[in-house]
Amino acid sequence: MPFKIDSAIVKKDMDSGKYDLVDPEGKFSQADALMVINSDDFITVQLIINAILRNDFKAWKDVKWEGGDSLKSLLVKLGYGKEEIVEMLKEF
């Protein structure tokens, strides 16, 4: 079961330094707060949420997390191979 995360784009104007919200569907027009995250990390977070929803949680107990580890390494540590990650990406 895929999990849908509402998202929009926040773009920075390089001249003024101001941020503009690109939200064509108006999902965040009434929001009090927004979270900005790098697009690569956002995709990784979506994949991890999908992995959590699918996983039987046995593998999570075996993950050794070091302070300097990247979020992107979590899927590999959980035992997901390239083919499985590609299939999860197709669910978006």
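Relative contact order for the chain: what is it in percent, counting Cα pairs under 8 Å that are at least 6 residues apart?
28 percent
Considering the Cα positions of the chain, please state its Rg to one decimal place and its Dmax as a whole number of Å.
Cα only, the chain: 16.3, 50 Å (Rg, Dmax).
Once the Cα atoms of helix 39-54 and of the chain are each reduced to a long axis, what angle between those two axes, in degrees from 0 to 90 to the nearest 10, is obtained?
That helix lies at roughly 40 degrees to the long axis.
Each reported figure results from applying straightforward, stated rules to the coordinates on display, with no laboratory input. Values in this document were obtained by computation on a predicted structure and should not be read as measured data.
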